[in-house]
Amino acid sequence: MPKIAIVGAGQCGLTLAAGLLRTGDHEVTVISALTADQVRTRRPTSTQVMFEPALAIERDRGLALWDDQTPAIEALHMTLAPTPQTPRLDLVGRLPAPARSVDQRVKMARLLDEMDRHVRTRTATVDDLEGYLDSGSYDLVVVAAGRGELAELFTRIPERSPYTTPQRKLAVCYVRGMRPDPDVDVVGGHFNVVPGAGEIIVIPALTTTGTCDIIFVEAIPGGPMDVFDAGLSPEAHLRVLQDVLRRHTPWLAERCTEITPTDPHANLVGAFTPTVRNPVGILPSGRAVLGLADVVLANDPITAQGSNIAARAAAFWEQAIRDHGEGPFRAGWMRTNADRFWTEVGETPTRWTNELMLPHPPAPHVAQILGAATQFPEVADRIGRGFTDPDDLNDWFMTPEAAERYLGEVVARHQAAIS
Ligand SMILES: Cc1cc2nc3c(=O)[nH]c(=O)nc-3n(C[C@H](O)[C@H](O)[C@H](O)COP(=O)(O)OP(=O)(O)OC[C@H]3O[C@@H](n4cnc5c(N)ncnc54)[C@H](O)[C@@H]3O)c2cc1C
């Protein structure tokens, strides 16, 4: 029976472990830096909105344990804040199926408890990875350890990594008491673009203390919303946040007069450089380990794709591991499958996310799409679909030519309908 070591008990590692353990054809050990209790009581690590394709992967593996408690996000409200030259612009797109955000502290802590027999608590080092392969204890070592130190084992791919510095400063706070969005008649996420400053995203979610809203500021470094210090307490974070909301998105400030943090660790401040890495990591001994999800594909969270890619990576590699069968897992096998994963799953969301990081205002064809979406609900809905299925964006959003063709078709359909 192939023996698989999975380093990292996050979205990817635990989904892969749960998938492989379903059938009992593999021996699986998860190496987790933290115990379940430590995960439960730490700071949040994400805003973790997951869309239908990733939720379906979780459902198939028995991991959809919070559906009845978690707000079902049915729509995406987008607001382009006004500038001296342009008015405020609002549009609401329906998602093709509800999205959900279950705090990773809730999810990973419970899954660690449930997989207890297969978990070893340890912060794995490069020497440990050598040891797992050296002693023949494992046939394959998967590194799904997020953006931590082990990522350095995997070389950066410059042609897929256009940035060398963080493109946004990230400031997250989980809050209770936010009033519902008056412009949306269902539960919706609210994506606000503030030209020259960044984005403010509101996400209804489930956290350790019940349902909540997550207010996520993506600040352009050095810009007017880059005002959150790493050491802020949740209460101090909220004071800074309320000031930011009053200055840049007063419509959100009105919804936030009564907000309080959901728990004593409810905020997160940080930044990282979006980086794509080679998924085959070579240890000092020359042996190969396989890097998955954020280790090798760390995109800015502005498009909410990382957890979704992590779940899809788990499903993809579970199948590849099953297809491989017995025998050594060689670097060539890793490389061939990794190339396929990049083409089938990773490339489009990475390109889309990196383009959204470009300086404001949006490219002219994107501005045209947003304008059309305020007039034609089908365009707004298609934006919602893009978050769920980024590949769809290739057909109409990613280039000026595709956008022109698509918007032409929409207008023609509309004219035919009214004539
Ligand atoms: C502010 C923010 C908001 C985000 N919002 C969204 C969103 O809305 N939607 C979305 O899809 N994505 C979002 N993401 C991205 C998403 O959280 C990640 O892409 C996803 O969690 C990656 O999963 P992973 O399994 O690769 O890594 P992680 O979930 O980070 O898990 C890695 C695990 O490995 C452990 N670990 C690290 N080093 C070691 C070691 N040496 N030994 C053992 N264990 C180790 C860590 O403790 C952790 O538990 C967001 C990210 C951020 C920072």
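The values are calculated or read from the model by the stated rules, or taken from the named source; none is laboratory data. As the structure is a computational prediction, the values presented were derived from the model and not from experiment. All Cβ positions, even for glycine, are placed from backbone atoms using ideal geometry, and neighbour counts span all protein chains on display. Heavy atoms of the whole protein, side chains included, go into the accessibility calculation; ligands, DNA and RNA do not. Shrake-Rupley method; radii C 1.70, N 1.55, O 1.52, S 1.80 Å.
Just a few scattered comments:
- Some residue of the stretch 117-132 being within 19 Å of Val193 (Cβ to Cβ), among the polar types (S, T, N, Q) and surrounded by fewer than 19 Cβ atoms within 10 Å (Cβ to Cβ): no
- For the stretch 96-105, a residue qualifies if it is within 13 Å of the ligand (Cβ to nearest atom), under 15 Å from Glu58 (Cα atoms) and touching a strand residue (DSSP E or B) at 6+ places or on another chain (Cβ under 9 Å), and the qualifying residues are Ala99, Arg100, Ser101, Val102, Asp103.
- Filter result for Leu91 (more than 20 Å from the chain's Cα centre (by Cα) and either open to solvent by less than 80 Å² (accessible area, probe 1.4 Å) or touching a residue at least 24 places away in the same chain (Cβ under 8 Å) (or both)): yes
- Any chance Glu74 is among the acidic types (Asp, Glu), within 21 Å of the chain's Cα centre (by Cα) and open to solvent by 10 Å² or more (accessible area, probe 1.4 Å): yes
- The listed residue being open to solvent by 10 Å² or more (accessible area, probe 1.4 Å) and either closer than 15 Å to Trp317 by Cβ or near the ligand (Cβ under 9 Å from one of its atoms) (or both), out of Asp25, Asp68: Asp25
- Leu34 being within 15 Å of the ligand (Cβ to nearest atom), open to solvent by 10 Å² or more (accessible area, probe 1.4 Å) and either under 14 Å from Tyr138 (Cβ atoms) or not acidic (Asp, Glu) (or both): yes
- Qualifying position, being among the hydrophobic types (A, V, I, L, M, F, W, C), away from the ligand (no atom under 13 Å from the Cβ) and either touching a residue at least 60 places away in the same chain (Cβ under 8 Å) or not in a loop (DSSP other than H, G, I, E, B) (or both), among Ala75, Ala9: Ala75
- Filter result for the condition that a residue is under 30 Å from Val142 (Cβ atoms), free of Cβ contacts under 8 Å to residues at least 24 places away in the same chain, outside any loop (DSSP other than H, G, I, E, B) and open to solvent by less than 20 Å² (accessible area, probe 1.4 Å), over Asp323, Asp339, Asp392: Asp392
- Some residue of the stretch 305-319 being open to solvent by 20 Å² or more (accessible area, probe 1.4 Å), over 25 Å from Gly384 (Cβ atoms) and not in a loop (DSSP other than H, G, I, E, B): yes
- Residue count for the stretch 279-299 satisfying the condition of being open to solvent by less than 10 Å² (accessible area, probe 1.4 Å), within 29 Å of Arg168 (Cβ to Cβ), touching a Gly at 6+ places or on another chain (Cβ under 7 Å) and not in a helix (DSSP H, G or I): 2.
- Criterion violated by Val92 - all others in (1) within 16 Å of the ligand (Cβ to nearest atom); (2) among the hydrophobic types (A, V, I, L, M, F, W, C); (3) part of a strand (DSSP E or B) satisfied: (1)
- Any chance Ile302 is in contact with an Asp or Glu (Cβ under 8 Å, 6 or more places away or on another chain), part of a helix (DSSP H, G or I) and under 22 Å from Gly189 (Cβ atoms): yes
- Sole exception among (1) within 15 Å of the ligand (Cβ to nearest atom); (2) outside any helix (DSSP H, G or I) for Val39, by number: (2)
- Per-region count, the stretch 264-278, residues crowded, with 22+ Cβ neighbours inside 10 Å and either part of a strand (DSSP E or B) or more than 12 Å from the ligand (Cβ to nearest atom) (or both): 4
- Residue within the stretch 357-371 that is within 16 Å of the ligand (Cβ to nearest atom) and either buried (at least 17 other Cβ atoms within 10 Å of the Cβ) or within 20 Å of Glu58 (Cα to Cα) (or both) present: yes
- The listed residue being open to solvent by less than 20 Å² (accessible area, probe 1.4 Å) and touching a residue at least 24 places away in the same chain (Cβ under 8 Å), out of Arg168, Arg176, Arg110, Arg156: Arg168
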